[in-house]
Amino acid sequence: MRLDETFAKAAADGRAVLVGYLPAGYPTVPGAIDAFRAMVDAGVDVVEVGLPYSDPLMDGPVIQHAVDAALAAGTTTPDVLRTVEAVAAEGVPALVMSYWNPILRYGPDRFAHDLAAAGGAGAITPDLIPDEAADWLTAARAVSIDTVFLVAPSSTDARLALTVDACRGFVYAASTMGVTGTRDQVGEAAEALVARLRKVTRLPVSVGLGVSSAAQAAEVAEFADGVIVGSAFVRKMIEAPDVATAASGVATLAAELAKGVRRS
């Protein structure tokens, strides 16, 4: 399923899209796939499959812990693509969330081709800016892979315009400055950032960094088209004693968040 179709359907239903993130390969490749399937069954509309990387500068300790464990277990880029294929088969858009270096090492053209072949809808590249993304944009456009870039409250108006012009699918608005992680409150700058983006794009805007509860999801859904949740899901995986309990915990949280985006 395509991102534009998913956002259009949610808008027609009068709600925001729920986006869920987990790193591939944690605690195992099959275990992560089970958790992804559980979150989709419980109401997640779009899935972000994290590509484990040894230097995740923008991630907080929760995601770093899971990513380190996935790498130690030997998770590879083909494992990530296999995870994408399994999730896409569930009928929801599956994106890869990856730092640029692993894609560069794999080869942008090859990565875009293999991602499309796996049924992937797009890729989020948090540390890649459009100014330096010519090779990736060319490769992704050639196989109709959506390219999602990040903006932050500190982004200038010129930077916002440049970034949204390179985006396809949606724009990722970071709710606050800093690394990923759950927070007691969603950054106050998030709503203002979304309002600024509305002036320069008609693309859907999804807000991430900090959302961990149904109440926070409902709050963000009041002004954004999508609500992105990552660390809260990963924490459920880390705290679980086994794979089955991890999938169950992820499903419970997904159901709560799904109610939140529908409450707004």
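The numbers here are math on the coordinates, done by the rules we state, and not lab data. On a predicted model such as this, the values are computed, not experimentally measured, just so you know. Neighbour counts run over all protein chains shown; Cβ positions are idealised from the backbone, glycine included.
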For every other residue with a beta carbon closer than 10 angstrom to the beta carbon of G249, add +1 if it is Lys or Arg and -1 if Asp or Glu, then tell me the sum.
-> +1
Hey, rough spin-label estimate for A11 and T28, points 7 angstrom out along Cα→Cβ, what's it come to in nanometres?
-> 4.3 nm
Spacing of the two label points (7 Å from each Cα toward its C-beta) at T138 and D4, in nm | 2.4 nm
Averaging sequence separations of C-alpha pairs under 8 Å and six or more residues apart, then dividing by the length of the stretch 1-118, give the relative contact order as a whole percent.
-> 30 percent
How large is the helix-only mean residue ellipticity at 222 nm for the chain, computed as the sum of -39500 (n - 2.57) over DSSP H runs with n ≥ 4, divided by its residue count, in deg cm²/dmol to the nearest 500?
-> -15000 deg cm²/dmol
So if we plug the beta-carbon distance of A89 and I238 into 1/(1 + (r/R0)^6) with R0 = 35 Å, what FRET efficiency do we get, rounded to 0.05?
-> 0.85
